[in-house]
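A short write-up of the structure that comes next.
Derivation of every value follows stated rules applied to the coordinates shown; laboratory data play no part. Bear in mind that the values here come from a model prediction, so they are computed numbers and not experimental data. Cβ sites come from the backbone with ideal geometry, for glycine too, and all protein chains shown count toward neighbours.
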Amino acid sequence: MNKEEVKKFLEELYLLQDLDLLIDQIIDPTYLQTFGFKVSEEKVEALKQKREEVAEKLRKVNPRWLQTYERLRKKYKRGIARVVDGICTNCFVHLPASMNPYEVDTLPTCPSCGIILIWMD
Ligand SMILES: [Zn+2]
C-alpha cells in the first residue's frame, strides 16, 4: 500500500470506529435515561449491517490491520485515535517528532499505548 492508500484505509477505519462507538452507545441500557429517547431495534440492526459493510471493505484491503483494530478495541473500547498537536489522544503521550504520518505498508501505532493513529489534517 502506498501512502495515499494507507491514509484512506485509516480514514475508513475511523468511520468504522464511529459506527462501533455509536452502536455501543445506543445499545447501552442507560441511553434512554441519558438522552430521553430509545432507538428502535430496526435502526440498531441497520447500523450493525452498515458496520459490517464497512468492516468487510476494510477486511478486503488489509485483514491483518482490521484484526489489530478489533484487538485494540477490546482493550481500549477504541482502536484508532487522532493525533492532535503531536499528542496521541488515547494515552496523551507526545509522539516522537521524527514520526512520519502514513508510511508505505505501515500501520502507524502509538509507541506508548499501541493504538492505531490517524493525524488531523
Ligand atoms: Zn498512545
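Under the rule a/c < 1.5 gives rounded, and otherwise a/b versus b/c splits prolate from oblate, where does the range 3-119 land using the Cα gyration tensor? Mind showing how you got there, number by number?
Details: a/c = 2.72, a/b = 1.58, b/c = 1.71.
Judged from the Cα gyration tensor, the range 3-119 comes out oblate (a/c at least 1.5, b/c at or above a/b).
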TODO: Convert each backbone phi in the range 18-33 into a coupling constant with the Karplus relation 6.51 cos²θ - 1.76 cosθ + 1.60 (shift: θ = phi - 60°), then list the ³J(HN,Hα) values in order as whole Hz, x for Gly and Pro.
DONE: 4, 5, 4, 5, 4, 4, 3, 5, 6, 8, 5, x, 7, 4, 4, 4
Task: Among the listed pairs Lys7/Lys57; Lys7/Lys60; Lys3/Lys48; Lys7/Lys74, those beyond 21 Å (Cα-Cα) - done: Lys3/Lys48; Lys7/Lys74
Task: Cut-off under 5 Å, modelled amide H: who pairs with Leu117 long-range - done: Ala81, Thr109, Cys110
Task: Helix 41-61 axis, angle to the chain major axis (alpha carbon atoms, nearest 10°) - done: 20 degrees
- [ ] Sum up the charges of everything whose Cβ sits under 11 Å from the Cβ of Ala55, counting Lys and Arg as +1 and Asp and Glu as -1, but leave Ala55 out.
- [x] 0
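For the chain, what does the helix formula give at 222 nm: sum of -39500 (n - 2.57) over DSSP H segments with n ≥ 4, over the residue count, nearest 500 deg cm²/dmol?
Per the formula, -18000 deg cm²/dmol.
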Task: For the range 1-117: relative contact order, % (alpha-carbon pairs under 8 angstrom, 6 or more apart) - done: 30 percent
- [ ] Using θ = phi - 60° and the Karplus relation 6.51 cos²θ - 1.76 cosθ + 1.60, list the HN-Hα couplings for the range 2-11 in order, rounded to whole Hz, with x at every Gly or Pro.
- [x] 7, 4, 4, 5, 4, 4, 5, 4, 5, 5
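So, counting K/R as plus one and D/E as minus one, what does the shell of residues with Cβ under 13 Å around Trp119 add up to?
Residues near Trp119 contribute -1 overall.
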